[in-house]
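Trainee: Please read through the structure below; I'll follow up with questions.
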Amino acid sequence: MTLSHLKTAPGQPPHAAADIADTVQIMLARMRTGGAQVGLEYARSLDGWTGEIAVPSERIAQAIAEVPQDLRDDLRWAHDNISRFAAAQRATAQDMEVELRPGLIAGQRQIPLSAAGCYVPGGRYTHIASALMSIATAREAGVPDITACSPPRDAQGIPAPMLYAMHLAGATRILCLGGVQGVAAMAFGLFGAPPADILVGPGNAYVAEAKRQLFGPIGIDMFAGPTDSLVLADDSADPDTVAIDLVGQAEHGATSPVWLATTHAPLARAVMDRIPALIARLPEANRNAAESAWRDFGEVVLCDTREEMAQFADDKAPEHLHVQARDPDWWRTRLRTYGSLFLGEGTTVAFGDKAAGPNHVLPTSGAARYTGGLSVHKFLKTVTWQKVDERALPDLARVSARISREEGMEGHARSADIRLDKMATSGKMPLKAHG
């Protein structure tokens with residue numbers, strides 16, 4: 001594969017990952033032993049929050065009244081798309097049973113988890129859409145108890161639109177608590193919540209590390225890093241659209257990679273020419289994030305063929321993959337490694353981030369090689385069952401006993417033998433069995 005890098009990504013010096021891990025470990029240990037009282041201390045010192053942690057119903061009702069009607073309508077519209085998509089996913093997860101041989105029946109059940117903890121970030125940006133993505137998906141999966149938490153923004157606590165979105169999506173309770181302490185409160189079952197079976201939702205490096213350290217006894221959606229996006233474009237693409245799509249994703253943060261792969265050198269140069277001015281017109285905080293992301297992590301690659309572009313995408317395994325090229329059906333069937341795919345100029349990652357329907361909690365840092373994004377399946381346990389009657393038991397017992405003895409597991413073999421002996425004693429042994 002012949003690739004020409006028109007812009008490379010130098011990256012940034014390594015950050016102090018060990019310091020983050022140590023800090024999180026100490027915080028989790030303190031909250032595991034000290035419980036809600038330690039959580040309150042962290043809320044005071046880290047969040048600057050002195051109000052109630054469990055948001056009372058009166059505050060939720062007040063927040064609903066504070067949200068303008070047009071924003072409520074928009075959030076309901078987005079929630080409807082997200083819920084309908086999740087419900088359609090749930091319909092694909094079916095119980096089943098199959099008779100593998102006469103008398104040997106096996107099956108599976110799809111059982112919703114009992115309790116979910118949904119972290120909704122609220123740092124640089126108030127990620128209202130994340131509340132819909134995680135909470136509504138858990139609700140459609142059938143999870144009966146859903147705790148949502150988010151950090152306070154000011155003296156009012158969680159912003160009113162965020163509270164409205166959490167309530168609309170179906171949160172059982174809402175905790176005004178951010179960072180590691182919020183994740184720990186849901187994991188350990190504090191402030192009126194049951195211990196979560198699974199923790200989901202994006203967050204900063206401390207939130208991601210807390211989920212990583214808690215994983216094992218508690219499930220998580222995925223190990224999340226900075227968001228990343230790749231655009232694949234040919235000579236039919238509009239450089240203005242490609243450029244603003246890259247800038248729009250770069251504003252996520254200073255370490256959020258954005259990449260362009262194209263077969264058309266004039267397009268690549270036009271996009272690179274436009275990006276600095278587009279960044280410069282952003283508000284200050286957004287501008288600073290996008291400038292750093294484009295400077296340190298932006299990459300532009302020139303490919304010879306569309307197959308080379310597709311292979312580049314499969315190798316990158318991006319979180320978001322946007323195709324702005326001819327023949328979208330070819331790309332849809334060819335591409336294999338991504339978190340979510342956006343086909344054609346008419347769509348954009350921003351639609352998926354906010355309102356289109358498919359979930360925006362997606363694998364980052366190459367994790368799309370082995371997993372997809374958040375879905376109802378993350379909130380379901382696929383468990384199996386089996387039953388055996390006298391038609392299948394002799395062959396099954398003999399085969400199991402022989403394999404067990406070959407492995408040196410005599411106890412297993414004898415638990416098969418005793419069933420054969422009981423059948424023989426009862427006179428139910430069939431005349432013919434597998435030899």
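The values are calculated or read from the model by the stated rules, or taken from the named source; none is laboratory data. These figures come from a predicted structure and were not determined experimentally. Because the Cβ atoms are built from the backbone with ideal geometry, glycine has one as well, and the counts that use them run over all protein chains shown. For the accessible areas, the whole protein counts, side chains as well, though only heavy atoms, and no ligand, DNA or RNA atoms are used. Shrake-Rupley method; radii C 1.70, N 1.55, O 1.52, S 1.80 Å.
Trainee: Give me, ordered by chain and number, the residues 5 or more places off His322 or on other chains with an amide H under 5 Å from its own placed amide H.
Mentor: Leu230, Val231, Leu232, Phe342
Trainee: Go ahead and estimate [θ] at 222 nm for the chain from helices alone: -39,500 (n - 2.57) per DSSP H run with n ≥ 4, summed, over the residue count, rounded to 500.
Mentor: Estimated from H runs of four or more residues: -14000 deg cm²/dmol.
Trainee: Determine the per residue accessible area of the stretch 226-368 with all protein chains present and a 1.4 angstrom probe, expressed in square angstrom.
Mentor: 38 Å²
Trainee: Indicate the gyration tensor shape class of the stretch 286-435 (rounded, prolate or oblate), computed on the Cα atoms with a ≥ b ≥ c the square roots of the eigenvalues: a/c under 1.5 is rounded; otherwise a/b larger than b/c is prolate and the rest oblate.
Mentor: It comes out prolate by the Cα gyration axes.
Trainee: So, one more: Quick check: the distance between the Cα centres of the stretch 319-334 and the stretch 390-426, to the nearest angstrom?
Mentor: Answer, in whole Å: 54.
Trainee: Given the options Ser130, Ser236, Ser400, state which has the largest fluctuation in a GNM of the chain using a 10 Å cut-off (strictly under) for Cα springs.
Mentor: Ser400
Trainee: Quote the FRET efficiency, to the nearest 0.05, computed for Asp154 versus Arg212 with a Förster distance R0 of 25 Å and r equal to the Cβ-Cβ distance.
Mentor: Working: r = 30 Å, r/R0 = 1.20.
It comes out at approximately 0.25.
Trainee: Something else about it: Scan the chain and hand back the longest stretch that contains none of the chymotrypsin sites (Phe, Trp or Tyr not before Pro) lying in DSSP loops with at most 16 other Cβ atoms within 10 Å.
Mentor: Here the longest run is 224-369.
Trainee: Here's a follow-up. Run the quick spin-label model on Ala29 and Val399: label points 7 Å from Cα toward the beta carbon, then report their separation in nm to one decimal.
Mentor: Going by the 7 Å Cα→Cβ label model, 5.1 nm.
Trainee: Next question, about the same structure. With springs connecting C-alpha atoms under 10 Å apart, model the chain as a Gaussian network and identify which of Ala270, Ala106, Ala160 has the largest mean-square fluctuation.
Mentor: Result: Ala106 has the largest fluctuation of those listed.
Trainee: Same structure again: May I ask you to derive the relative contact order of the chain, considering only C-alpha pairs under 8 Å and at least 6 residues apart, and to give it as an integer percent? It would help to have the intermediate numbers written out before the result.
Mentor: Numbers: 843 pairs, mean separation 86.1, N = 435.
Worked out over the chain, it gives 20 percent.
Trainee: Pull up the cross-link candidates among the lysines for Lys428, meaning alpha carbon to alpha carbon under 29 Å and not fewer than 8 places away within one chain.
Mentor: List returned: Lys387.
Trainee: Could you compute the FRET efficiency for Arg269 and Arg332, with r as their C-beta to C-beta distance and R0 at 35 Å, rounded to 0.05?
Mentor: Approximately 0.80, to the nearest 0.05.
Trainee: Moving on to the next point. Carbon and sulfur together cover what percent of the accessible area of the chain at a 1.4 Å probe radius?
Mentor: It is 53 percent, rounded to a whole number.
Trainee: What is the extension gain from Asp70 to Asp421, computed as 0.36 nm multiplied by their sequence separation minus the C-alpha to C-alpha distance, in nm to one decimal?
Mentor: 119.0 nm
Trainee: Another question, then. With springs only between Cα atoms under 10 Å apart, run a GNM on the chain and tell me which of Glu97, Glu41, Glu407 wobbles the most.
Mentor: The residue that fluctuates most here is Glu407.
Trainee: So which lysines can Lys378 reach, going by Cα to Cα under 23 Å and dropping same-chain residues fewer than 8 places off?
Mentor: Lys211, Lys354
Trainee: Under the classification rounded if a/c is under 1.5, otherwise prolate if a/b is larger than b/c and oblate if not, where does the stretch 1-88 fall, given a ≥ b ≥ c as square roots of the Cα gyration tensor eigenvalues? Write out the running numbers ahead of the final one.
Mentor: Working: a/c = 2.48, a/b = 1.11, b/c = 2.23.
Cα axes put the stretch 1-88 in the oblate bin.
Trainee: Charges on Cβ only, +1 for Lys and Arg, -1 for Asp and Glu, centred on the Cα centroid of the chain; of Ser365, Trp77, Phe223, which one is farthest towards the dipole's positive end?
Mentor: Going by the Cα projections, it comes out as Phe223.
Trainee: How many percent of DSSP beta bridges within the chain run antiparallel, rounded to 5?
Mentor: In the chain, DSSP labels about 40 percent of beta bridges as antiparallel.
Trainee: Given a 1.4 angstrom probe, what's the average accessible area per residue across the stretch 10-120, in square angstrom?
Mentor: 59 Å²
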